Protein chains: 4
Amino acid sequence: MTFSDLNNLNVEDTEKQLAACCGSKKWLSCLMKGFPFANENDLVSKAENCWYYECNETDWLEAFTHHPKIGDVKSLTEKFAGKEQESVAAASAELIEALAKANSDYENKFGFIFIVCATGKSAGEMLRLLQDRIKNNRAEELNIAMGEQHKITVIRFKKMIDAAAWGKLKASQLTTHVLDTSLGKPGKNITIRLKGFIDGHWQTIAQGITNNDGRIADLLPPGRILKPGKYKMVFETGEYYDSTNVKGFYPAVDIEFSVTDESHYHVPLLINPFGYSTYRGS
Amino acid sequence: MTFSDLNNLNVEDTEKQLAACCGSKKWLSCLMKGFPFANENDLVSKAENCWYYECNETDWLEAFTHHPKIGDVKSLTEKFAGKEQESVAAASAELIEALAKANSDYENKFGFIFIVCATGKSAGEMLRLLQDRIKNNRAEELNIAMGEQHKITVIRFKKMIDAAAWGKLKASQLTTHVLDTSLGKPGKNITIRLKGFIDGHWQTIAQGITNNDGRIADLLPPGRILKPGKYKMVFETGEYYDSTNVKGFYPAVDIEFSVTDESHYHVPLLINPFGYSTYRGS
Amino acid sequence: MTFSDLNNLNVEDTEKQLAACCGSKKWLSCLMKGFPFANENDLVSKAENCWYYECNETDWLEAFTHHPKIGDVKSLTEKFAGKEQESVAAASAELIEALAKANSDYENKFGFIFIVCATGKSAGEMLRLLQDRIKNNRAEELNIAMGEQHKITVIRFKKMIDAAAWGKLKASQLTTHVLDTSLGKPGKNITIRLKGFIDGHWQTIAQGITNNDGRIADLLPPGRILKPGKYKMVFETGEYYDSTNVKGFYPAVDIEFSVTDESHYHVPLLINPFGYSTYRGS
Amino acid sequence: MTFSDLNNLNVEDTEKQLAACCGSKKWLSCLMKGFPFANENDLVSKAENCWYYECNETDWLEAFTHHPKIGDVKSLTEKFAGKEQESVAAASAELIEALAKANSDYENKFGFIFIVCATGKSAGEMLRLLQDRIKNNRAEELNIAMGEQHKITVIRFKKMIDAAAWGKLKASQLTTHVLDTSLGKPGKNITIRLKGFIDGHWQTIAQGITNNDGRIADLLPPGRILKPGKYKMVFETGEYYDSTNVKGFYPAVDIEFSVTDESHYHVPLLINPFGYSTYRGS
């Protein structure tokens, strides 16, 4: 389907297409007010606004329930829920079992299933993410799951509409890059929590693990714009050094910064066991 | 009085001397168990142990009540409470009034008077400290006031015993130094909070303002040893840049680090508006 | 012409095509030994080998003479020598005159014309480059001009062969990025000299000026591989600060590093007036 | 002898005393023009001026010849030339022999004996210094030896005049501190060359090796003031990493900076294998 194919659908068919991208009724009715859409960016931008600013907890939870439950062993060993999660299939039986257990623990703790944009993630990475995220409180996990759902929504838009001008869609507004300057290599497998200062408290709003290049490509969903304010990224450098048997001085690195506009923010970390630097990059 | 003069006093006179250094009965009786003392360091070390580990909130508050109340305008305009606070006298009438008001607000909020080791501090610096510290919670202020009382105790020891081997007394176990590498100058007038990770929470345990050389000489009382664990220093860099009309990227710089032994920890900060570094110095 | 069109030409026609890319007879005969070429990368790689390792000063100078002389006012005000240099045309009369003068000075000093890969460079940038490069010695300028000629050769290959797999051609093996962390902005218009340690001396082998993003995209020609050894980049930070009326501590920043293999080397500079950092990036 | 004892000596006796501190006749006659001296700093300051700005190569070489030759095995195994060099005595026979050989090589290359302020230096450190300094050219070694002679002169002043106000004598105008932030330890045993930009060339003017604290206390003689200009310190980081079997990216670190006034310059280096920083400290 091309973009104009979408715009030329009747309302009922359009709703059917969009509902397959995100399962919240409130989100759908909000988004349909903008139909037809000016272009791909307009679609994503309206989807973002409806999701973050018009929906509430009830709506977010409703969307989560439309994901196939991937918490049990049977479902985890099959290929389900679309292409996003196919990498899970390659995991060992033990890993699958650990994932199943972690999913179940997660749902027990928070009352909703674990939502993650699984594209490109292995079962091992998903388990690591689950184990990291289960330490958050419920409000934080709701923030993170919202972001993950929105990433999934955008990915589904991209599958739905072929050959679209998706290249123009801005990637994550906030990016980072961890370099281990003792090794001259990227700092990989480091958990990063992005926190916002919300209602007088620091609250995690996104979370990920650095890849082999020391980056998290989708710390924020594409097109998502942070409101002006104070944010911080917390890098779990203690775990990083423990895992490589290096004695480090920094249990965590906590970089607080100001977001003042819609421009791109690149905030890298240069780390070594007894020193680190950061700067606003470009 | 020399150190051996002190050791040669009878118990009653010794108690009189020591009670003038810190007003807690529990502290005094604990300290007297160690009398006579091996040397100056032994006296300070026992005083520290009694104060931090044998006393409790009741004892700390009792010691605080033995300070002359410096909160009202009359007392602030005189020279009182020993040499430590003489610098206050030079302040203007408005400043004195602001100090009086801040002292009163402080006592109303926390239920005890503002304790600060005033040596070398001007009235303006004391006001700034009061305004900074009043933002803390009561448990944090109790921590900080304990440290300040202990610094005062050690200063009084030094006045009581002439020509002592005080040079061997170790200075603050933790030191820092702020350099503004945009200016090539020390970062002065920056509030720093030292926090410990206590009972699962970050709690301020000491607080100060950098001097003209970008340092806080007595962030910790001399001889005080931190228990192994996680600590952080939080530098109020946002205020610093606001006060110099520079637009900075960092509302605060938060350096978390591990204390593993009794050695000296030097943790400097090199700051510029869009980048900073830290390292473990020597 | 497609790549296979080239390979299907007879020898004479192929020579005519390649001779238009670089005017050295020795280079051409060396390159023709490799005809037909396996693919685009093979062509570039052989061209590089012939140029750097089979040709000598006579051959390099011969190639330089095949460039239209761009040193006089008339030629500079026209559009000549192919698309590479069209940006020159937009310059003012004064600028053109200054360029003509600088070209003439250059030729008088070194005995060959100023060779520069002008793609994307304005007349002002070219003048700045001329004024920078004229300070080098003849051996250094010969090195630099060789590199510039090779960049031009590769650009001409790309124009000659349409739709080729040029995307696979590796960009500059060595890259840098200057960030001014006092401003949170790229460090632009900074002259950088790349020097190699050749026969016991440091000799400039490439030279450029950082663009608006603080980078020099083509410090080395695409596909060019540095021999293992010691290299340094010298950043003219004194001029940079002078031009912005900032008092800086560093007349120049000189970063020496080891090249040990064919991998990509990213060596950024984070600069502020009284401090700087560098690291091997990725 | 007190300072006023010195000032009360007759001219002949004063000359005898001062001649024992530095063996150049020109220096002595220049210095005697300032006799009697206002205070210790005045003596040192005049001695510096006479030495650096009134003497020439002939005078410097004359002073060097007044040092007992310490190049042969016999003399090296004894204790000679005053207290400055007593540490040499503790060395093993092999070390003494290597020292003797190196001294002889040095004198053969430069035509004057190896001058070094040996205070606090072991025979091993002296050998390392000899091996480092023999790589310099003659003009550079003359610069360095001049500085070493002046340090010796000042040390002899201090021994000659008891209980003097030597504490007020400023230490080295330029200091550095190397920290290895991979280890959280000082960078020790690193050769540093201080170079000045003299007559259009970089020339080594002082040289030393970092001690266990990562510092060189006397890189410049006490009281010596650098003329405004460009200077650089070159740190032999390649050797440092080689000696600790760490693969590093930096064969050397070369920090160029501007001296604009008589204030103290602290220029530290924070090094790790794939990154480094420097700043102007305080």
Checking the structure you have, find out if any residue of the range B:53-62 is modelled with pLDDT of 95 or more, over 22 Å from the mean Cα position of the chain (by Cα) and not basic (Lys, Arg).
no
Go through (1) of a type in the set (A, V, I, L, M); (2) in a loop (DSSP other than H, G, I, E, B); (3) out of contact with any Pro (no Cβ under 6 Å at 6 or more places or on another chain) one by one and return the number of the condition C:ILE255 breaks.
(2)
Going residue by residue through the range A:104-116, is there one that turns out to be more than 14 Å from every other protein chain (Cβ to nearest Cβ), part of a loop (DSSP other than H, G, I, E, B) and among the polar types (S, T, N, Q)?
no
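Let's see how each residue does on (1) in a helix (DSSP H, G or I); (2) over 24 Å from A:LEU18 (Cβ atoms); (3) in contact with a helix residue (DSSP H, G or I) (Cβ under 9 Å, 6 or more places away or on another chain):
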position	(1), (2), (3)
A:LEU127	yes, yes, yes
A:GLN131	yes, yes, yes
A:GLU141	yes, yes, yes
A:THR153	yes, no, yes
A:ARG156	yes, no, yes
A:GLY196	no, yes, yes
A:ARG215	no, yes, no
A:GLY223	no, no, yes
So which of C:LEU169, C:LEU219 ends up being closer than 20 Å to C:ARG133 by Cβ, touching a Gly at 6+ places or on another chain (Cβ under 7 Å) and more than 14 Å from chain B (Cβ to nearest Cβ)?
C:LEU219
Complete set of residues in the range A:216-236 that are free of Cβ contacts under 8 Å to residues at least 40 places away in the same chain and farther than 19 Å from A:HIS177 by Cα:
A:LYS227, A:PRO228, A:GLY229, A:LYS230
Of the conditions (1) more than 9 Å from every other protein chain (Cβ to nearest Cβ); (2) of a type outside the set (Lys, Arg); (3) surrounded by fewer than 21 Cβ atoms within 10 Å (Cβ to Cβ); (4) farther than 19 Å from A:GLU48 by Cβ, A:ALA252 satisfies every one except a single condition; which number is it?
(1)
Can you pull out the residues in the range A:143-160 that are surrounded by fewer than 20 Cβ atoms within 10 Å (Cβ to Cβ) and touching a residue at least 24 places away in the same chain (Cβ under 8 Å)?
A:ARG156, A:LYS159, A:MET160
Report whether or not D:ALA171 is surrounded by fewer than 20 Cβ atoms within 10 Å (Cβ to Cβ), outside any helix (DSSP H, G or I), in contact with a Leu (Cβ under 9 Å, 6 or more places away or on another chain) and not β-branched (Val, Ile, Thr).
yes
Find all pairs meeting these conditions: Cβ atoms under 6 angstrom apart; at least six residues apart or on different chains; first residue within the range A:195-215 and over 18 Å from A:PHE114 (Cα atoms); second residue of a type in the set (Asp, Glu).
A:GLN203/A:GLU140
Got at least one residue in the range C:273-280 being crowded, with 19+ Cβ neighbours inside 10 Å, over 29 Å from C:PHE114 (Cα atoms), more than 14 Å from chain B (Cβ to nearest Cβ) and without any contact (Cβ under 8 Å) to a residue 24 or more places away in the chain?
yes
Give the range A:187-238 a look and list any residue that's among the aliphatic types (A, V, I, L, M), buried (at least 22 other Cβ atoms within 10 Å of the Cβ) and more than 15 Å from the chain's Cα centre (by Cα), or say none.
A:ILE190
When you look at A:SER243, is it among the small types (Gly, Ala, Ser), touching a residue at least 12 places away in the same chain (Cβ under 8 Å), more than 14 Å from chain D (Cβ to nearest Cβ) and out of contact with any strand residue (DSSP E or B) (no Cβ under 8 Å at 6 or more places or on another chain), yes or no?
yes
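Using the structure shown, decide if C:LEU6 is modelled with pLDDT under 90, crowded, with 19+ Cβ neighbours inside 10 Å, touching a helix residue (DSSP H, G or I) at 6+ places or on another chain (Cβ under 8 Å) and more than 25 Å from C:ILE205 (Cα to Cα).
The answer is no for C:LEU6.
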Got at least one residue in the range D:185-208 being within 14 Å of chain A (Cβ to nearest Cβ), in contact with a strand residue (DSSP E or B) (Cβ under 7 Å, 6 or more places away or on another chain), under 30 Å from B:VAL267 (Cβ atoms) and not charged (D, E, K, R)?
yes
Would a scan of the range B:198-205 turn up a residue that is at pLDDT 95 or above and part of a loop (DSSP other than H, G, I, E, B)?
no
Flag for A:TYR250 being under 17 Å from B:ALA252 (Cβ atoms), outside any strand (DSSP E or B) and in contact with a Phe, Trp or Tyr (Cβ under 7 Å, 6 or more places away or on another chain):
yes
Checked against (1) away from chain A (no Cβ under 14 Å); (2) part of a strand (DSSP E or B), D:ASN211 satisfies every condition except (2)
Exception for B:HIS177 within (1) under 20 Å from the mean Cα position of the chain (by Cα); (2) buried (at least 16 other Cβ atoms within 10 Å of the Cβ); (3) without any contact (Cβ under 8 Å) to a residue 60 or more places away in the chain falls at (3)
Answer yes or no as to whether D:ASP261 is of a type in the set (Asp, Glu), surrounded by fewer than 18 Cβ atoms within 10 Å (Cβ to Cβ) and either at negative phi or not in a strand (DSSP E or B) (or both).
yes
Out of (1) away from chain C (no Cβ under 14 Å); (2) within 23 Å of D:LEU270 (Cα to Cα); (3) in a loop (DSSP other than H, G, I, E, B), the one B:SER182 does not meet is (1)
What do you reckon, is C:GLU262 of a type in the set (Asp, Glu), more than 12 Å from chain B (Cβ to nearest Cβ) and in contact with a helix residue (DSSP H, G or I) (Cβ under 9 Å, 6 or more places away or on another chain)?
no
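The values are calculated or read from the model by the stated rules, or taken from the named source; none is laboratory data. Just so it is clear, the model here is predicted, and its values are computed rather than measured. Note: ideal-geometry Cβ built from the backbone for every residue, glycine included; neighbour counts use all protein chains shown.
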